[in-house]
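The values are calculated or read from the model by the stated rules, or taken from the named source; none is laboratory data. Quick caveat, the model's predicted, so the values are computed rather than measured. Note: ideal-geometry Cβ built from the backbone for every residue, glycine included; neighbour counts use all protein chains shown. Surface areas here come from the heavy atoms of the whole protein model, side chains and all, with no ligands, DNA or RNA. Shrake-Rupley method; radii C 1.70, N 1.55, O 1.52, S 1.80 Å.
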Amino acid sequence: MSLKSCFLSDGYAVVTGIFLSDEVNQLRIAMERLITKVKQEPYRYATRYTLKQEPDYDTWGVNNIFKLDLYEPAFGAVFGNERLMDVLQEILGEELRFWGAHALWSPEKVNYRLRWHRDYGDNELYHPEGIPNHVQFNIPLYPDSCFIAIPGSHRRTLSDQERLEVKNNEANPLPDEVQITCQPGAVLFMNAHTLHRGACTSQDYRRTLHYSVQGKEEAYGGHTSYPEMKEMGYLDQMHPTVQQLMINSVQWDEAHPLSSVELLRKVRSKNERQNYIAGQI
Ligand SMILES: O=C(O)CCC(=O)C(=O)O
């Protein structure tokens, strides 16, 4: 089966040999710098928590690593990798737009079990042929087995058992779930409408980049460009491929303004994500 057929059918695919060990090493160095910064001042960033009871906290990631206070050139250089771009373009087409860039790591104090969900709050959204409206991809810098998914669930409605797990924010084992293991150098490509969850303990050593892109003219999604992308000098600091991805993202967002109801919904779902404590299940 071709990579694309596999991705359409299962909702994810692991491709080995995308990043060379030198690239992985550069990313490891950048990632440690990022984590040190976030752990020093977690409240300053869009930090993901497993514990947030002031003054005590424990973290498992941070969103928006392309904002300049967290950005490292190695994070942008990822998009200069031709093997990666070939896969993204094979699945989504030649012209892409930026959607998100985050980082995930193992907690230190509280093991986390992330609830079952389809991303973007769209738990009823699926395409019967598995045609994606985005590609999310994880770049593990160390062996990573934290992602658990139900293959093919992005092509159908949820079963009653699955829907109940989602509704109750649970993370119990479900039929056909698969724990996906990925080694450094490989990339896990995901359709995030595949029902999934995450699990990671303080005994694991996780360092994983978590990005997403869309086709340039995709009607679904968008609306993750941020004001800095239009500020003088910001794009100059980005890798040339990232510059184009971001220009495409800004242009699409400007051409498709959100209604006030949609804006409110977006703020609500952002707040819900920000307030979600992953270790509490
Ligand atoms: O820990 C993981 O890899 C899962 C992350 C996830 O599901 C999410 O960010 O929505």
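Annotations
- Qualifying positions in segment 52-75 - in a strand (DSSP E or B) and either among the basic types (Lys, Arg) or more than 16 Å from the ligand (Cβ to nearest atom) (or both): 52, 53, 56, 57
- Options 195, 141; residue that is away from the ligand (no atom under 13 Å from the Cβ) and in contact with a Leu (Cβ under 9 Å, 6 or more places away or on another chain): 141
- Subset tally (residues that are within 12 Å of the ligand (Cβ to nearest atom), under 22 Å from residue 176 (Cα atoms) and among the aliphatic types (A, V, I, L, M)) for segment 97-127: 1
- Matching residues in segment 219-248 - criterion: being part of a loop (DSSP other than H, G, I, E, B) and open to solvent by 20 Å² or more (accessible area, probe 1.4 Å): 219, 220, 221, 223, 224, 225, 226, 231, 232, 233, 239
- Residue match in segment 206-214 (condition: among the aromatic types (Phe, Trp, Tyr), open to solvent by less than 40 Å² (accessible area, probe 1.4 Å), in a strand (DSSP E or B) and touching a Gly at 6+ places or on another chain (Cβ under 7 Å)): yes
- Matching entry among 144, 160, 119 (being acidic (Asp, Glu), within 18 Å of the chain's Cα centre (by Cα) and more than 27 Å from residue 226 (Cβ to Cβ)): 144
- Matching residues, segment 194-204, being open to solvent by 10 Å² or more (accessible area, probe 1.4 Å) and part of a loop (DSSP other than H, G, I, E, B): 201, 202, 203, 204
- Condition broken by residue 1, with the remaining ones in (1) in a helix (DSSP H, G or I); (2) surrounded by fewer than 16 Cβ atoms within 10 Å (Cβ to Cβ); (3) free of Cβ contacts under 8 Å to residues at least 40 places away in the same chain satisfied: (1)
- Some residue of segment 128-138 being in contact with a Cys (Cβ under 9 Å, 6 or more places away or on another chain) and within 13 Å of the ligand (Cβ to nearest atom): yes
- Annotation: of all residues in segment 249-279 being of a type in the set (A, V, I, L, M, F, W, C) and not in a helix (DSSP H, G or I), the one that is nearest to residue 211 (Cα to Cα) is 277.
- The listed residue being crowded, with 22+ Cβ neighbours inside 10 Å, at pLDDT 95 or above and more than 14 Å from the ligand (Cβ to nearest atom), out of 79, 147: 79
- Some residue of segment 22-32 being in a loop (DSSP other than H, G, I, E, B) and either surrounded by fewer than 18 Cβ atoms within 10 Å (Cβ to Cβ) or among the β-branched types (Val, Ile, Thr) (or both): no
- In segment 113-132 there is no residue matching the filter, namely being over 18 Å from residue 11 (Cα atoms) and open to solvent by less than 10 Å² (accessible area, probe 1.4 Å).
- Pairs linking a residue in segment 207-225 that is at positive phi to a residue that is part of a loop (DSSP other than H, G, I, E, B) and within 14 Å of the ligand (Cβ to nearest atom), with Cβ atoms under 8 Å and 6 or more positions apart or on different chains, are 221/134.
- So residue 71, is it in contact (Cβ under 8 Å) with a residue 24 or more places away in the chain, closer than 26 Å to residue 51 by Cα and open to solvent by 30 Å² or more (accessible area, probe 1.4 Å): no
- Subset of segment 206-231 [within 14 Å of the ligand (Cβ to nearest atom) and of a type in the set (Phe, Trp, Tyr)]: 211
- Residue 14 being farther than 27 Å from residue 226 by Cα and within 16 Å of the ligand (Cβ to nearest atom): yes
- Candidate set from segment 18-31 (those that are touching a residue at least 60 places away in the same chain (Cβ under 8 Å) and within 20 Å of the chain's Cα centre (by Cα)); member that is nearest to the ligand (Cβ to nearest atom): 31
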